[in-house]
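Structure record follows, encoded as structure tokens.
Read-outs: derived from the displayed coordinates by stated rules, not from any lab. Values in this document were obtained by computation on a predicted structure and should not be read as measured data. Counting neighbours? That spans all protein chains shown, and the Cβs are built from the backbone with ideal geometry, glycine included.
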Amino acid sequence: MDNYRHPFIGSMAAAVVDAEGVVVGWTAAAEELLGRGADEVCGRPMGELLADRAQWTGLAAGRSGQAALLDGHGRATEVAYRVLPLVAAGPARFLVIGAPATEVARWREDHAFTRELFLQDRVGLAVFDEHLRLVRTNTHLLPYTGLPTDLKGRRLTDFLRTEDAEAIEELLRDVLDSGRPLVLPEAMVRTVLDPRGGRMMGISAFRLQADGEQPMGVTALFTDVTERGRFRRRLELLHRATAAVGGSLSVTGTCTELAAVLAPGFADAAVAEVAEAVLNGDEPEPERTGQLVLRRTAVAGDAGGSLPTGTTVAVDPAESSAPTSTRSGGRPAMTAPLRARGILLGRICVYREQGAEPYDDADLDLLQEIASRAALALDNARRFTREHRAAVSLQRSLLPPAETDTPAALTASVYLPTYTDGGVGGDWFDVIQLSSARIALVVGDVVGHGLEATATMGRLRTAVRTLADLDLAPDELLVHLDDLVSQLVVEADQDGDGARPEPAPAGATCLYVVYDPVSRRCVMASAGHPPPVVVRPDGAIGYVDLNPGPPLGVGGFPFEAVEIEPAAGSVLVLYTDGLIAGGQGDLEEGMAELRTRLGRAGVTSRPLAEAGREITAGLPAHRLPDDVTLLLARTRALPAGDTAAWSVEPDPAAVSRMRGEVTRQLESWGLDDLVFTTELVVSELVTNAIRYAGGPVGVRLIRAERLICEVSDPSSTQPRMRRARLTDEGGRGLYLVAQLTSRWGSRYTDQGKAIWTEQEFPAQ
């Protein structure tokens with residue numbers, strides 16, 4: 001037991017032996033160790049206690065070793081011992097102390113471990129008393145400067161920043177009070193004297209407590225995990241950046257997501273700049289000067305005022321191809337190129353606050369790795385932008401003008417194509433001029449995305465225009481359109497050549513509205529489409545109580561027509577579900593939000609195009625889950641003086657009287673130049689109605705942007721124009737009407753049919 005010290009030496013077995021080796025004293029601990037009482041041992045030679053008496057060599061001061069002693073049952077017990085001389089008057093005596101050899105070996109191991117633990121400098125070690133004062137520490141408690149030379153008796157608050165010390169003491173006090181060990185929670189450690197940013201330490205702690213006694217304190221181990229934390233944060237940043245830039249197919253969106261991931265956090269400011277050609281989906285090419293023009297596309301963090309978006313800068317592609325770490329205006333900065341397939345698409349720049357720690361090589365490597373991954377996503381977004389632009393151009397070519405001005409209504413539209421990997425959707429709208437100054441408003445949505453949806457949309461729009469030219473009622477028109485979509489679905493199912501990349505769109509929704517500015521009646525029907533909104537001139541907003549039928553393509557179900565009479569100046573709002581879904585699928589919430597947007601936009605008192613832009617403002621184009629289509633129509637009412645109507649008895653003699661009425665009406669409108677042709681048209685149409693349909697016959701003139709003449713009769717037989725032979729006495733009437741007018745046609749009415757004509761006003 002050389003150099004052995006133990007606080008519990010008083011509990012060790014001990015015996016007093018005289019110079020002859022006879023036991024003269026025996027402690028209770030010795031009695032417990034060997035199971036032999038003092039009366040049995042005292043007076044006997046020490047050598048008789050040995051299991052092997054040949055090992056007895058007598059007593060020697062300072063001698064130590066290990067021997068097997070016999071207990072009271074004759075069994076051998078290995079004991080480590082040491083002999084110490086007793087200095088006293090009288091005969092020489094010796095103190096022999098011992099303990100089980102296994103316990104002594106463990107004590108020695110514990111002693112060596114504790115000594116070496118306090119000597120090492122890789123892990124900070126501290127022992128605190130019950131008041132969390134330092135009792136003992138190793139030579140390097142914390143791996144940087146700013147610590148006092150003597151820490152014994154000090155609190156952490158004496159040399160650490162208050163917020164750091166209080167956070168650590170709170171953890172240690174919980175260990176002291178509860179006895180639960182602490183395993184590696186991380187805490188920032190900064191000394192009062194050290195101006196640097198401090199270190200991140202992992203702390204482990206356990207309570208010190210002897211059996212049956214009050215806690216004596218806490219032992220804590222401080223492990224510097226700063227670099228490990230930096231590595232983990234860098235890895236997390238790399239994963240976040242990869243996920244962020246991979247979730248967008250928009251060039252601007254990719255840059256915005258990239259800058260938002262880098263700042264704040266990795267940088268105080270981040271700026272993404274890309275070549276202008278990339279924004280349009282093209283590959284960038286240097287200017288004639290050899291430089292590449294970059295546009296500042298996204299800015300994040302504390303850089304908005306000094307680094308506004310939209311700014312352009314010319315760079316040398318050769319010089320911008322390598323990552324660099326510099327200072328910009330006293331701020332640590334790094335720049336990494338956005339390069340894909342050997343083509344420089346742009347660059348990403350990050351900045352820290354002035355006076356902050358400079359970026360190191362690991363930071364530069366991380367930024368370069370993020371930039372390389374972002375460049376691939378950016379190149380994918382560029383390609384998608386090119387293809388998306390072509391698809392959008394195709395779709396826009398199939399749509400009507402964004403604004404129209406007709407006697408029935410003033411319209412404006414907004415179309416925002418989605419940016420999804422499936423391509424643009426199948427949204428469409430249309431404004432169709434019908435006979436008698438009426439107008440048809442159409443909004444539809446084909447299921448699916450991509451060119452298939454666009455092609456189907458074009459076919460449906462053409463079909464709607466064809467059916468609208470027949471002047472069908474809205475519910476009847478949807479029945480015919482439903483048959484067409486059902487046929488398209490059947491054709492798609494029968495296409496088994498394997499050439500189709502994905503299933504064709506199967507179904508669509510459609511809302512068809514007809515407005516008459518003369519009667520101010522508005523009739524509509526829906527095939528699975530959301531109801532329109534009516535904004536009255538006084539600002540009141542409400543959804544039309546419309547029962548939407550099944551989507552087109554289901555087949556076998558009727559559609560219900562609803563009639564309303566909006567006041568002149570009201571705004572009809574038609575839209576697709578992309579405007580109200582908001583990516584969450586909660587249509588009721590979306591419809592409430594649309595009502596709020598309409599109230600803010602003031603659609604009844606400002607230009608419709610401007611109001612439409614405000615209604616759709618704030619919708620992120622590169623995140624839209626579906627196309628957004630909005631059609632606004634401000635209704636008009638023709639003045640009563642711009643229409644004239646007569647009822648004609650079924651008598652051929654009434655034709656001449658009708659010509660006189662028409663002449664007087666046209667002269668009162670100042671349309672004398674149209675009197676002759678209109679008389680001929682009215683004479684021919686009224687004569688045919690009396691001859692073939694009987695009565696009653698109705699005549700109506702409408703002065704709108706053209707002169708409209710209508711003749712109605714109770715017959716449901718549609719007239720047709722035919723080529724008359726030279727020998728025929730009749731058959732030339734409709735041919736004459738077609739030659740005298742700019743447009744003519746017929747439509748079914750509730751009482752029969754009506755034949756209408758249109759004539760352009762004189763040039764003056």
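Working note: Karplus 6.51/-1.76/1.60 with θ = phi - 60° gives segment 509-525 the couplings 10, 7, 10, 10, 10, 10, 10, 10, x, 7, 8, 6, 8, 10, 10, 8, 8 Hz, where Gly and Pro are set to x. Taking every alpha-carbon pair under 8 Å whose residues sit at least 6 apart, the chain reaches a relative contact order of 7 percent.
Counting other Cβ atoms within 10 Å as a rough exposure proxy, the listed residues 111, 239, 73, 449 run 73, 239, 111, 449 from fewest neighbours to most. Sorted from longest to shortest, the spans of the Cα atoms of segment 282-395 along the three principal axes equal 54, 30, 29 Å. Highest average first, the peptides 533-545, 604-616 ordered by how many other beta carbon atoms sit within 10 Å of their residues are 604-616, 533-545. Residue-wise HN-Hα couplings along segment 16-29, as the Karplus relation 6.51 cos²θ - 1.76 cosθ + 1.60 with θ = phi - 60° gives them from phi, are 9, 10, 7, 5, 8, x, 8, 6, 10, x, 8, 8, 4, 5 Hz; Gly and Pro carry x.
Using the C-alpha gyration tensor of segment 642-759, what are the square roots of 5 times its eigenvalues, in whole angstrom, with the largest one first?
21, 17, 14
In the chain, taking the dipole from charged Cβ atoms about the Cα centre, the farthest positive-side position among 45, 19, 637 is held by 19. How would segment 198-355 be classified by its alpha-carbon gyration tensor: rounded, prolate or oblate, with rounded meaning a/c under 1.5 and the a/b versus b/c comparison settling the rest? The shape class here is prolate. Here the extension length gained between residue 178 and residue 393 equals 70.4 nm, from 0.36 nm per residue of separation less the Cα-Cα distance. Taking 0.36 nm per residue of sequence separation and removing the Cα-Cα distance, the residue 102/residue 490 pair yields an extension gain of 130.8 nm.
Quick check: from the Cα gyration tensor, does segment 401-635 come out rounded (a/c under 1.5), prolate or oblate? Numbers along the way, then the final one.
Details: a/c = 1.89, a/b = 1.27, b/c = 1.49.
Oblate shape, in that a/c is at least 1.5 and b/c is the bigger or equal ratio.
Normalised radius of gyration (Cα atoms, divided by 2.2 N^0.38 Å) for segment 373-413: 1.90. Residues in segment 564-569 carry Karplus couplings, in order, of 10, 10, x, 5, 4, x Hz; the curve used is 6.51 cos²θ - 1.76 cosθ + 1.60 with θ = phi - 60°, and Gly or Pro positions show x.
Could you tell me which of rounded, prolate or oblate describes segment 9-108, using a ≥ b ≥ c as the square roots of the eigenvalues of the alpha-carbon gyration tensor, with rounded for a/c under 1.5 and, failing that, prolate when a/b is larger than b/c and oblate otherwise?
In terms of gyration-tensor shape, rounded.
With contacts taken as Cα pairs under 8 Å at a separation of at least 6 residues, segment 209-290 carries a relative contact order of 16 percent.
Arrange the peptides 165-172, 702-709, 640-647 so that the one whose residues have, on average, the most other Cβ atoms within 10 Å appears first.
So the peptides 165-172, 702-709, 640-647, ranked by packing, come out 702-709, 165-172, 640-647.
The Cα-based radius of gyration and maximum Cα-Cα distance (Dmax) for segment 121-224 are 13.0, 46 Å. Relative to the dominant Cα principal axis of the chain, helix 226-245 is inclined by about 10°. Between residue 383 and residue 19, residue separation times 0.36 nm minus the direct Cα-Cα distance comes to 120.8 nm. With respect to the chain, whose longest principal axis is taken over its alpha-carbon atoms, helix 474-494 is tilted by about 60°.
Note on residue 356 and residue 162: their simple-model spin labels are 2.7 nm apart, each label 7 Å out from Cα toward Cβ. Looking at segment 246-313, the trypsin sites (Lys or Arg not before Pro) that sit in a DSSP loop and have at most 12 other Cβ atoms within 10 Å of their own Cβ are 288. Taking every alpha-carbon pair under 8 Å whose residues sit at least 6 apart, segment 230-391 reaches a relative contact order of 26 percent. Rounded to the nearest 500, the 222 nm mean residue ellipticity of the chain from helices alone is -9500 deg cm²/dmol, with -39,500 (n - 2.57) taken per DSSP H run of at least 4 residues. Here Cα extents along the principal axes in Å was computed from the coordinates, and among [x] 76, 70, 59; [y] 169, 67, 57; [z] 94, 60, 44 the match is [y]. Axis of helix 654-669 versus longest Cα principal axis of the chain: the two differ by about 60°, to the nearest ten degrees. Label separation (residue 326 vs residue 39): 10.0 nm, computed from points 7 Å beyond Cα along the C-beta direction. Entry for segment 340-477 at q = 0.11 Å⁻¹: log10 I(q)/I(0) = -0.61, Debye formula applied to identical alpha-carbon scatterers, no solvent contribution. Spacing of the modelled spin labels on residue 557 and residue 114, each 7 Å from Cα toward Cβ, amounts to 8.4 nm. Under 5 Å between amide hydrogens, built in the peptide plane, is the criterion, and for residue 135 it picks out 127, 128, 129, 153 among residues at least 5 positions away or on other chains.
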